[in-house]
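The values are calculated or read from the model by the stated rules, or taken from the named source; none is laboratory data. Keep in mind that this is a model prediction, so the values were computed, not measured. So basically every Cβ, Gly included, is an ideal-geometry build from the backbone, and we count neighbours across all protein chains shown. These area figures cover heavy atoms from the full protein model, side chains too; ligands, DNA and RNA do not enter into them. Shrake-Rupley method; radii C 1.70, N 1.55, O 1.52, S 1.80 Å.
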Amino acid sequence: MSNRNWTSIKSYTDIKFEFFEGIGKITINRPKVYNAFRPETNMEMLDALEICRERQDIGVVVLTGEGDKAFCSGGDQNVKGVGGYISENGVPRLNVLDVHKAIRALPKPVIAMVNGYAIGGGHVLHVVCDITIASDNARFGQTGPKVGSFDAGFGSSFLASHVGQKKAREIWFLCEQYTADEAEKMGMVNKVVALKDLEDTTVQWCQTMMKRSPLALRMIKRGLNAELDGQRGLMEFAGDATLMYYLMEEAQEGKRAFLEKREPNFQQFPKFP
Ligand code: S0N
């Protein structure tokens, strides 16, 4: 599927983390369980997402699954225990929620490249990404109420903002599967392509986004997140407004005046209508 020379950024047990021309690609690499995640998978994704945040040469992040069967089949049922998914030290965790928060907070676009089943918590993962590009063999759906689980967080509320309240309730209440075309018609997939074209199309979309202003993309993402994310969303939006203020002469004048032990001259700056 890939003829690109992706270079490894860092080695992990459960994921692959690679780089190609400004794109950081995170691949859940557990094909035997259809790329189901366990707590360690989520810890590794969190580490990789933090590296994507820090690295100046990464403009867009792609999240996908290994092979052509599954993007992700949700929480690994083999390690599901009492209180969550049991990590190697015996502690039960629901730490995929931290991955959701990290994807939303990342000030760069995150694209789900869905190459097969996006089911259960795997479906939620694509929902929380900014963009979803799917292969025509992809299948989408929630399973929670069928297998003893649910995500009443982003997996419900953000889904409803994509497909509408009625459809979101249908998806969760019936636990049926939907084809890629159906998912696109519902508004939760941006584009459907043949599996052989999935990576090419995703890379093209990434390249187009990387031609755009990174700060403009960042502010659009923050603005679109803010309503659903409440005070936290406003905090992220406000933080970026402060970042931009720090880039301006007006903020520099305040700092300089303090260090030079004088009154700041803010009157020199325009008061825009
Ligand atoms: C994906 C499905 C539909 C594919 O069906 P198909 O083609 O018939 O293949 P199978 O033979 O079923 O599967 C192939 C092999 O893969 C294994 N496997 C598949 N999914 C899982 C899984 N999730 N965990 C472990 N193994 C899995 C199969 O066992 C099989 O292996 P072999 O060949 O060895 O038998 C179908 O597989 C399917 O329906 N899978 C289960 C989907 C599911 O119910 N996932 C879990 C749903 N729940 C969550 O994801 C929890 C959500 C969550 O994480 C969360 C939410 C909110 C707050 C916190 C949390 C949290 O818990 O962190």
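Overview of values
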quantity	calculated
Per-region count, segment 126-153, residues more than 9 Å from the ligand (Cβ to nearest atom) and not in a loop (DSSP other than H, G, I, E, B)	10
Residue that is surrounded by the fewest Cβ atoms within 10 Å (Cβ to Cβ), among those in segment 69-93 that are in contact with a Gly (Cβ under 6 Å, 6 or more places away or on another chain) and within 20 Å of I26 (Cα to Cα)	K69
Residue satisfying all of: in segment 68-105; among the hydroxyl-bearing types (S, T, Y) and more than 18 Å from the chain's Cα centre (by Cα); nearest to the ligand (Cβ to nearest atom) among these	Y85
Filtered residues of segment 106-119 (kept if within 14 Å of the ligand (Cβ to nearest atom) and either open to solvent by 60 Å² or more (accessible area, probe 1.4 Å) or within 25 Å of F19 (Cβ to Cβ) (or both))	V114, N115, G116, Y117, A118
Condition check for K196: open to solvent by 60 Å² or more (accessible area, probe 1.4 Å), free of Cβ contacts under 8 Å to residues at least 12 places away in the same chain, outside any loop (DSSP other than H, G, I, E, B) and among the basic types (K, R)	no
Output for segment 20-50, where each listed residue is over 13 Å from the mean Cα position of the chain (by Cα), open to solvent by 40 Å² or more (accessible area, probe 1.4 Å) and either more than 26 Å from R139 (Cβ to Cβ) or among the aromatic types (F, W, Y) (or both)	E21, Y34, M43, D47
Strands (runs of 3 or more DSSP E) enclosed by segment 40-99 - at least 3 residues per element that are closer than 25 Å to T202 by Cβ	60-65, 70-72
Some residue of segment 86-95 being small (G, A, S) and under 23 Å from E18 (Cα atoms)	no
So S161, is it in contact (Cβ under 8 Å) with a residue 12 or more places away in the chain, within 16 Å of the ligand (Cβ to nearest atom) and out of contact with any Cys (no Cβ under 9 Å at 6 or more places or on another chain)	no
Total residues in segment 33-67, condition polar (S, T, N, Q), away from the ligand (no atom under 13 Å from the Cβ) and in contact with a strand residue (DSSP E or B) (Cβ under 8 Å, 6 or more places away or on another chain)	1
For N225: the one exception among (1) surrounded by 14 or more Cβ atoms within 10 Å (Cβ to Cβ); (2) farther than 20 Å from K25 by Cβ; (3) within 11 Å of the ligand (Cβ to nearest atom); (4) of a type outside the set (G, A, S)	(3)
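Residue-by-condition table, conditions (1) in a helix (DSSP H, G or I); (2) over 26 Å from V110 (Cα atoms); (3) polar (S, T, N, Q); (4) touching a residue at least 24 places away in the same chain (Cβ under 8 Å):
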residue: M210; (1), (2), (3), (4): yes, no, no, yes
residue: R218; (1), (2), (3), (4): yes, no, no, yes
residue: N225; (1), (2), (3), (4): yes, no, yes, yes
residue: G230; (1), (2), (3), (4): yes, no, no, no
residue: M235; (1), (2), (3), (4): yes, no, no, no
residue: G239; (1), (2), (3), (4): yes, no, no, no
residue: L243; (1), (2), (3), (4): yes, no, no, no
residue: A251; (1), (2), (3), (4): yes, yes, no, no
residue: Q267; (1), (2), (3), (4): yes, yes, yes, no
